[in-house]
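Note sheet for the following structure.
Please treat every number below as a calculation from the coordinates, not as lab data. Every value quoted in this text rests on a predicted model; they were computed, and no experiment measured them. Note that we place each Cβ from the backbone using ideal geometry, even for glycine, and neighbour counts take in every protein chain shown.
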Amino acid sequence: MRLAFALNQRLFIMEKLDLSAALMCCSAYKNDPLIHDFCGIFCDSCDAALRSYSAVCERLLSQDLTFSDYIFFLAAGSENPLINAYIKSKSEILYKSISYDIAVLAEIASKTPQELSGFIRDRFPETSELNFPEFETGNTAITTESVISYAERFGSRKFAENKAFSFEDGELIPVCKPDPIRLSDLKNYRVQREKIIDNTLCFLNGKKAHNALLYGDRGTGKSSTVKALVNQYPTLRIIQIPKREILNICRVYALVENNPLKFILFIDDITFSENDEGYSFLKQVLEGSVVAMPDNCILYATTNRRHILKETVSERSGDEMHAADARDENMSLADRFGLYITFSTPAKSEFLDIVHQIAADRGIELSEDKLDMAAERFALKKCGRSPRTARQFVDMLQSRLELGLDYENL
């Protein structure tokens with residue numbers, strides 16, 4: 001192979017360097033911007049070589065990475081079909097092919113700024129008096145084993161560095177500031193959360209698990225429960241799918257099916273109007289009659305409506321037969337979720353218990369009577385009791401207490 005031949009000919013002897021030819025074999029990496037700039041250092045133009053060297057330094061310094069760290073993340077964190085195929089098959093032929101590519105990248109990563117600037121000075125004497133910027137070479141070990149181990153754990157750098165994504169226009173967009181909420185932050189509703197936690201643990205351990213619908217009143221913690229699961233388990237990721245993108249859900253499958261991580265496909269606050277294409281399509285997805293959902297994906301959805309399909313006046317007032325048909329159709333999507341969990345509005349005592357627990361977590365010292373009175377007044381102004389209202393109340397209470405402001409008229 002050209003790559004093996006290049007390595008045997010001591011690829012990095014400066015006077016015979018031909019990186020471009022070697023990197024043609026590294027199809028997963030050759031188009032990386034830094035690799036492109038690195039190759040430019042060895043071109044025949046002095047100006048182009050200087051620009052390329054400066055670009056390499058700028059990329060590394062602006063990203064606060066050492067050279068070896070950058071190359072490692074490039075090797076291990078790129079979407080490399082050869083590595084994905086090897087993880088599934090453990091083929092010795094694939095392993096050797098991957099090793100050739102990694103050997104080239106490891107040699108590249110070993111180059112110091114002094115070697116590279118020295119090579120430019122040797123070829124272009126007019127640069128001998130120039131001051132060259134420098135970068136940190138680093139000491140990250142780049143081996144086939146370390147690269148494959150990283151890929152087996154995370155799939156790619158994008159999924160290593162991000163836990164939450166949104167699906168927009170056919171692409172997965174990392175969420176810059178995902179909700180940091182954890183299961184320990186959520187109070188009460190223990191039975192409901194145990195059901196979804198147990199189901200998620202089955203999913204994470206490769207056992208049979210159900211797609212789940214979390215139904216209930218607003219502010220009861222349905223969405224927060226799903227987001228907290230992702231913060232609880234390191235190998236779990238979440239992809240939020242807007243209702244308008246449901247028809248493209250098979251594209252999500254294609255983007256993650258070869259990834260070693262597990263993914264919750266999350267549809268929040270799901271409702272459909274009559275004749276909505278997404279309604280029928282989602283029913284088919286849940287039945288597995290379109291394209292089978294990959295083993296590393298599970299669908300969790302939330303809704304405030306027991307009937308996900310909005311009823312029309314004619315359906316409610318029609319004859320008994322048509323009304324029954326409408327009810328069956330309304331429930332047909334919910335029935336396709338294997339797990340159906342209900343979150344109801346808390347009673348007054350449950351609401352105040354949630355307030356007390358959150359206040360205790362925050363270290364708020366206030367008598368029970370004063371806390372209860374202020375919380376009830378706040379809930380009445382908000383037109384209802386819910387875990388969300390309890391958290392909002394404690395947020396405001398804490399701020400006012402810290403500033404020495406009146407809290408009784410929140």
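Descriptive notes on the structure:
- Approximate shape of the chain as ellipsoid semi-axes (Cα gyration tensor, √5λ), whole Å, largest first: 54, 30, 18
- Beta bridges assigned by DSSP with both partners in the chain are antiparallel in approximately 15 percent of cases.
- Over the residues of the chain, the helix contribution to mean residue ellipticity at 222 nm works out to -16000 deg cm²/dmol, using -39500 (n - 2.57) for each DSSP H run of at least 4.
- Taking the three principal axes of the alpha carbon atoms in region 341-410, the coordinate ranges are 41, 24, 18 Å, sorted in descending order.
- Relative contact order (percent, whole number), the chain, Cα cutoff 8 Å, 6+ residue spacing: 13
- Mean Cβ neighbour count within 10 Å, used as a protection proxy, ranking 209-215, 107-113, 140-146 highest first: 209-215, 107-113, 140-146
- Local electrostatic count, Glu168, Cβ distance below 14 Å [Lys/Arg +1, Asp/Glu -1]: 0
- Compactness of region 128-283, expressed as Rg and Dmax over alpha-carbon positions, Å: 19.9, 75
- Acute angle (nearest 10 degrees) that the helix 92-109 long axis makes with the longest principal axis of the chain, alpha-carbon atoms: 70
- Listed peptides 115-127, 223-235, 359-371 by packing density, highest first (mean Cβ within 10 Å): 223-235, 115-127, 359-371
- Cross-link partners of Lys90 among aspartates and glutamates (Cα-Cα below 18 Å; sequence separation of 8 or more within a chain): Glu79, Asp101, Glu145, Glu152, Glu257
- Computed about the Cα centre, the dipole magnitude for region 76-183 is approximately 500 debye when only Lys and Arg (+1) and Asp and Glu (-1) carry charge, each at its Cβ.
- The protection proxy used here, the mean number of other Cβ atoms lying within 10 Å of each residue, ranks peptides 128-139, 197-208 as follows, highest first: 197-208, 128-139.
- Cα long-axis angle, helix 320-335 against the chain (0 to 90 degrees, to the nearest 10): 40
- Degrees, to the nearest 10: 222-232 long Cα axis against longest axis of the chain: 40
- Of Lys348/Lys381; Lys195/Lys382; Lys177/Lys208; Lys163/Lys262, pairs whose Cα-Cα distance is over 20 Å: Lys195/Lys382; Lys177/Lys208
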